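Coordinate-derived values only; no laboratory data. Predicted, not measured: the structure shown is a model, and the values here were computed from it. FYI the Cβ positions are ideal-geometry reconstructions off the backbone, even for glycines, and counts take in every protein chain you see.
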Amino acid sequence: MMRPRLLVPILTVAFLFALVPVALAQEGPGDPVRGGELYVANCAVCHGVDGQGRIGASLEGFSGIDPATAMESVIAAGVPGSVMPAWGQANGGPLSEKDILDIASYVLATFAGTQPIMPLPTYIAPTIARLPEVQGNPSAGALVYHANCAMCHGDRGQGRFGLPLAKSWPVNEPATYIQQVAREGIAGTTMPAWAQANGGPLTEEEIGDVAAFILTLNPAAVPTPIPQPAGPMGSTPTLLLLGVLGLAVVIVLVLYYRRPRSA
C-alpha cells in the first residue's frame, strides 16, 4: 500500500503533467483570420494584398512536403541578399512565433481557397500644407507613404525595419535626395527601388508627392509602432504559464514536507 507521505507529491506531479498539454495547446495551429490582419499590416505592401507579388515575390510558389514550415522559416529568418528581412523576434524582427504561424496559415489557406482575402484598411490623409521650396503634394504623398512606406519606416517616420525619416536632412536638396533613394533603392539592403522605371509600382508623381510628405514629418513625434492584432497566447506567455505551474509545485511540496508532524 502506498505511504500517505508519498501520495501528495505524486498527485501534485501528476496534476502538473496534466496541465502541460493545456499550456502547450495555447500555441495550437495557426489562426488564419488573425494571420490575415498581420499580413495586411506587415506583408501586403511588398507581396500585394492578393499575394501576387509587388516589390516582393509572389507567394503562390510554396510547395513541397511541408510548405507551412518552409514559409515560417523564410518569414522568421528572411532571405539574405534580398529585400526580404527577418521578421522573427529571435532575428531582430517584430513578430513572435505565434504571429509567424498565423501569417503562414493565412497565406496557405487563402491560396487554397479556404480563407477570404483580407481587405486593406482605409487611410484618410489630412490636408498638409505644401512647403514653399518643395514640389509635390504632401497630402497625396501621405496616402502613398502609408500604403507603401509606413510598414518599414513607421507610421510617423520614426523608423521600424527601415531608418527614421522624421529628421533633419543634412543635404543641399533633401527632396531630390529622397526621390532618388525612393526611385532607385539602396543596393544590398532591404530598401527596394520603387519607381516603375526600375520595376517598382510608383509613378514619378507619387515619388515626388511622398518626398514632399516626408519633409513635413516632425522629428519630435512620439514613436508609435504599427498596431498588431491581439490574439491567443504566444510562446513566451506559454513558458511563463509553465513556469508558474512549476513554482506552484515547489511551494506545495515545501509546505507539505515542512508542516508539523503529528506525534
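Give me Asp155, Asp102, Asp50 sorted ascending by neighbouring Cβ count inside 10 Å, so fewest comes first. Mind showing how you got there, number by number?
Details: Asp155 18, Asp102 27, Asp50 14.
Going from sparsest to densest Cβ surroundings: Asp50, Asp155, Asp102.
Just want the ordering: Ile117, Ile251, Ile65, from fewest to most Cβ atoms lying within 10 Å of their own Cβ.
Details: Ile117 15, Ile251 10, Ile65 6.
Least to most surrounded, the residues fall as Ile65, Ile251, Ile117.
Short version: ³J(HN,Hα) in whole Hz for each residue of the range 91-96, in order, from phi by Karplus 6.51 cos²θ - 1.76 cosθ + 1.60 (θ = phi - 60°), x for Gly and Pro, what are they?
10, x, x, x, 9, 7
Return Asp99, Asp66, Asp31 ranked ascending by Cβ neighbour count within 10 Å, so the fewest neighbours appear first. Can you show the working numbers first?
On the way: Asp99 25, Asp66 10, Asp31 19.
So the ranking, lowest neighbour count to highest, is Asp66, Asp31, Asp99.
Restricting attention to the alpha-carbon atoms of the range 138-214, what are Rg (one decimal) and Dmax (integer), both in Å?
Every Cα atom of the range 138-214 included, Rg and Dmax give 11.3, 31 Å.
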